[in-house]
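Derivation of every value follows stated rules applied to the coordinates shown; laboratory data play no part. A quick note: this is a predicted structure, and the numbers were derived from the prediction, not measured. Every residue, glycine among them, receives a Cβ derived from its backbone with ideal geometry; neighbour counts consider all protein chains shown.
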Protein chains: 2
Amino acid sequence: VIAEAGLEFVVDATGCDPARLRDETLLRALLGRAIDELELRPVAAPLVHVFPGEGGVTAMVLLAESHLALHTFPELGLATFNLYCCRPRPAWAWESRLAEALGAEVVRVRILERGAARSETP
Amino acid sequence: VIAEAGLEFVVDATGCDPARLRDETLLRALLGRAIDELELRPVAAPLVHVFPGEGGVTAMVLLAESHLALHTFPELGLATFNLYCCRPRPAWAWESRLAEALGAEVVRVRILERGAARSETP
């Protein structure tokens, strides 16, 4: 079922390597890989904020297809992603990509329809 | 219940006035109002993209508390918001604020816990 305004992937990856969750270069490359493999189209350069000290990284990319956001919480071994696509896209291999890039042990993917509420039946 | 990495508010407003969904100034003011009333702390200027012609507006604000994102779809009378707060915040009056600012007729608010999956019971 594709909602009128697309789907949002809400992804929470736990058990990640804290050092990698502070590595801005690695995280930019990870987002770039998702964008390339999903054939997404950024409309602006990524906006990235590195929190000081032991803090994590926040990054957002505006897309023609809506947005991609990442927040990392090194103290929790947690990385959270939102990918909101207002056009249908193939699924991404979140589990294997995040295991490889971040050392994630558990990857939880939730998929939300956006737009008006409607029946789940066709 | 507050998840270890906070809550995300996923808000879809339908029946909005299409002209207001293309009004960048109005939309910036609406985001500003949410930020002020929820006492959120931006860490960078808002990133705003206005799609050409009859298209809508996309805006994202990086927050110390995570992020606020808005996409408008004038052709659908739809505005979609994500507010991800990694610290507890009071609820915002999405329904009345979006009715006032955008002419929204129906406002659907979903609340997701972020972070590791866990039991809903205390």
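Summary table below
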read-out	value
Max mean-square fluctuation residue, GNM over chain B, Cα-Cα springs under 10 Å, options B:P90, B:P18, B:P42	B:P90
Region B:1-86: relative contact order in percent, alpha carbon pairs under 8 Å with at least 6 residues between	38 percent
Residue order, fewest to most surrounding Cβ atoms within 10 angstrom, among A:E39, A:E113, B:E24	A:E39, B:E24, A:E113
Pseudo-label separations to other copies for A:A29 - Cα-to-Cβ vector, 7 Å, nm	4.7
GNM flexibility winner over chain A from A:L112, A:L27, A:L83 (Cα, springs under 10 Å)	A:L112
